[in-house]
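In what follows, a structure is listed as C-alpha cells, so that the remarks can point back to it.
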Amino acid sequence: MKKILLATAATCMATSAMADVNIGNPMAMTGPIPDLNAPIAAAVDLAAANVNAQGGMFADGETLNIIRADSACDPTAAVDAVTKLINVNSVSAIVGPVCSGATIAQAESVSIPAGVVTLSVSASSPAITNMEDGTDLVFRAAASDAYQGVALAELALANGFDNIAVSYANDDYNAAIAEVFVQAYTDLGGTVTANEAHEPNKASYRSEVATIGATSENLALFSYYGSGGITLMRNALETGAFTNFIGADGMLSDELIEQIGAENLMTSTFTTSASDDSTPSFAAWKAIADEAGVPASDPFVANGYDATFMMALAIEAAGSDDRAAIAESLRAIASGPGEVILPGEWAKAKEILAAGGEINYEGAAGNQDFDENGDVAGNFSKSVIVDGAWQAELIQ
C-alpha cells in the first residue's frame with residue numbers, strides 16, 4: 001500500500017502554468033516491439049487531437065502538446081528519455097512508457113524523485129504494484145500481470161494442457177508474468193515440466209527448445225516477438241519440439257504471422273489486455289478510432305487513448321498543470337462519483353469541470369477506477385489464427 005505524504009515545495013512548482021500544456025510520452029519506438037507500439041502512439045496523438053479540437057486546456061484554450069521520446073523498451077533508454085522530458089522539456093506529467101522494465105527504471109530514478117506522475121499505457125509487471133513507498137505517483141491504464149498470468153493459466157488448462165514447459169525471456173516483463181503463470185497453473189493442478197529462462201536476441205535457440213521440448217508437447221512462451229521470440233518459436237517448429245503454444249502479448253504481432261506463417265500458428269493462443277466491445281464507452285471509442293484510421297481493438301491501443309485523455313482531464317480538473325496536484329486529480333476524474341464521460345467527450349467534461357461539477361471517466365479499455373496502488377482491474381482477450389489473421393475473443 002502507498003503511504004501518501006505531503007508534496008514538497010519543489011514539487012509544488014508549476015511547470016508551465018497558463019501556457020501550452022506539455023505531457024511527456026516515452027514510447028517504444030525502437031527496440032523489440034515497434035509494430036505493437038505504433039498504433040498505441042497513434043491513439044495517444046488522437047486523444048490530444050480530440051482535446052485540442054474541443055476547446056483545448058483551461059479557459060483560454062491552451063494547446064495540449066504530446067512531447068514524444070524513445071524509451072526503446074529498455075530501462076537505460078527510458079531513464080535518459082524521461083530525464084530529458086522532465087528536466088529539459090519541463091513536462092507536467094508522463095504518459096508511458098510501454099514496457100515494464102522501462103517504466104520501473106524511469107520511475108525509480110527520475111519521475112518519482114522529481115514529483116512527476118507517471119501513467120503507463122501498458123506496463124503490466126506485478127512489481128509496479130508495490131514499488132512506491134511514501135508517494136502516489138505511478139499509475140497504469142492496463143491491468144497487472146498478476147491478473148493476466150492467472151487468466152493465461154486458466155486458459156491453458158481449459159485448452160487441455162495438463163502439463164506444460166515454460167520458456168521466458170530474461171527481462172522484467174517476461175520473467176514476472178512467467179512467475180505468476182507458473183504459480184497459478186500449478187495451484188490449479190497443472191504440471192510444469194520445465195521452467196527455463198532464455199537470453200534475448202540470440203541467433204538460435206535450438207539447444208533450449210531441445211532441452212525443454214523433451215518434457216512436454218506444450219510450450220508457454222513469454223518473450224517479445226522482436227527480441228528472440230520469433231526465432232525461438234521458429235526453432236521449436238523446425239525441430240518439432242512442441243505442438244501447442246500459449247503465451248502473452250509480447251508475442252502477439254502480425255510480424256509473427258509474416259515470419260512463421262499463419263498455417264504454422266493454428267495451435268497458438270496468446271492473451272493480451274483488451275476492451276469489452278459491448279460497452280457504450282467502447283462504442284464511443286471505436287467511432288473515434290475508425291474515423292481516424294486507428295485500429296481500435298489492437299493490443300493496448302485503447303489504453304493509450306485512455307491514459308492520455310485521463311491525464312488531460314486530471315490537469316484540467318486541477319486548474320493548472322502544477323505537477324503536485326495531478327495525482328489527486330487523476331484519481332478524482334477516473335474513480336467517481338460524477339457524471340460519466342466517454343472517450344471523446346472533452347467539451348462536455350470541460351463544461352462540467354468549469355461549473356464546479358464532478359466527472360467519472362469510463363474508458364475505451366474499460367473501467368479505469370484506480371485502486372490504492374494505482375492499478376486497474378482490466379479485461380483480457382485470447383487471440384487465435386482465423387482466416388490467416390489474429391482474431392481476439394474476450395475472456396469471460
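Of all residues in the range 374-396, those being modelled with pLDDT under 95, part of a strand (DSSP E or B) and among the small types (Gly, Ala, Ser) number 2. All conditions in (1) open to solvent by 10 Å² or more (accessible area, probe 1.4 Å); (2) on the phi > 0 side of the Ramachandran plot hold for Asp80, with the sole exception of (2).
Answer yes or no as to whether Gly160 is surrounded by fewer than 17 Cβ atoms within 10 Å (Cβ to Cβ), in contact (Cβ under 8 Å) with a residue 60 or more places away in the chain and not in a helix (DSSP H, G or I). No, not satisfied. For the range 111-127, a residue qualifies if it is modelled with pLDDT under 95 and either part of a loop (DSSP other than H, G, I, E, B) or open to solvent by less than 10 Å² (accessible area, probe 1.4 Å) (or both), and the qualifying residues are Ser124, Ser125. Scanning the range 47-76 for residues that are in a helix (DSSP H, G or I) and either open to solvent by 30 Å² or more (accessible area, probe 1.4 Å) or of a type in the set (Lys, Arg) (or both) yields Ala49, Asn52, Ala53, Pro75, Thr76. Applying the criterion of being closer than 27 Å to Val98 by Cβ and acidic (Asp, Glu) to the residues of the range 231-280, the residue that is least open to solvent (accessible area, probe 1.4 Å) is Asp249.
Looking at Ala302, Ala325, Ala307 in this structure, which one is part of a helix (DSSP H, G or I), hydrophobic (A, V, I, L, M, F, W, C) and open to solvent by 10 Å² or more (accessible area, probe 1.4 Å)? Break it down into steps so the answer makes sense when it comes.
Details: Ala302 fails: open to solvent by 10 Å² or more (accessible area, probe 1.4 Å); Ala307 fails: open to solvent by 10 Å² or more (accessible area, probe 1.4 Å).
Result: Ala325 is the single residue among Ala302, Ala325, Ala307 that is part of a helix (DSSP H, G or I), hydrophobic (A, V, I, L, M, F, W, C) and open to solvent by 10 Å² or more (accessible area, probe 1.4 Å).
Does Asp371 meet the test of being open to solvent by 40 Å² or more (accessible area, probe 1.4 Å), closer than 30 Å to Glu154 by Cα and assigned to a loop (DSSP other than H, G, I, E, B)? Considered against the rule, which asks whether it is open to solvent by 40 Å² or more (accessible area, probe 1.4 Å), closer than 30 Å to Glu154 by Cα and assigned to a loop (DSSP other than H, G, I, E, B), Asp371 comes out as yes. Take Asn360 and decide whether it is in contact (Cβ under 8 Å) with a residue 60 or more places away in the chain and outside any helix (DSSP H, G or I). No, not satisfied.
The residues of the range 163-184 that are open to solvent by 30 Å² or more (accessible area, probe 1.4 Å), out of contact with any Ser or Thr (no Cβ under 6 Å at 6 or more places or on another chain) and assigned to a strand (DSSP E or B) amount to a single one, Tyr168. Contact map, the range 272-301: residues that are over 11 Å from Ala392 (Cβ atoms) paired with residues that are of a type in the set (D, E, K, R) and in a loop (DSSP other than H, G, I, E, B), Cβ distance under 9 Å, separation 6+ or inter-chain. Pairs shown: Phe282/Asp276; Ala283/Asp277; Ala284/Glu345; Lys286/Asp277; Ala296/Asp277. Within the range 361-369, none of the residues are touching a Phe, Trp or Tyr at 6+ places or on another chain (Cβ under 6 Å) and under 30 Å from Asn264 (Cα atoms).
Select, from Glu196, Glu208, the only residue that is of a type in the set (D, E, K, R), free of Cβ contacts under 8 Å to residues at least 40 places away in the same chain and open to solvent by 30 Å² or more (accessible area, probe 1.4 Å).
Details: Glu208 fails: free of Cβ contacts under 8 Å to residues at least 40 places away in the same chain.
Exactly one residue qualifies, and that residue is Glu196.
Give the residues of the range 89-110 that are on the phi > 0 side of the Ramachandran plot and surrounded by 23 or more Cβ atoms within 10 Å (Cβ to Cβ), sorted by residue number.
Listed by number, the list holds a single entry, Gly96.
The values are calculated or read from the model by the stated rules, or taken from the named source; none is laboratory data. Because the structure is predicted, anything quoted here is derived from the model rather than measured. Every residue, glycine among them, receives a Cβ derived from its backbone with ideal geometry; neighbour counts consider all protein chains shown. Ligands, DNA and RNA are excluded from the accessible area calculation, which covers all protein heavy atoms including side chains. Shrake-Rupley method; radii C 1.70, N 1.55, O 1.52, S 1.80 Å.
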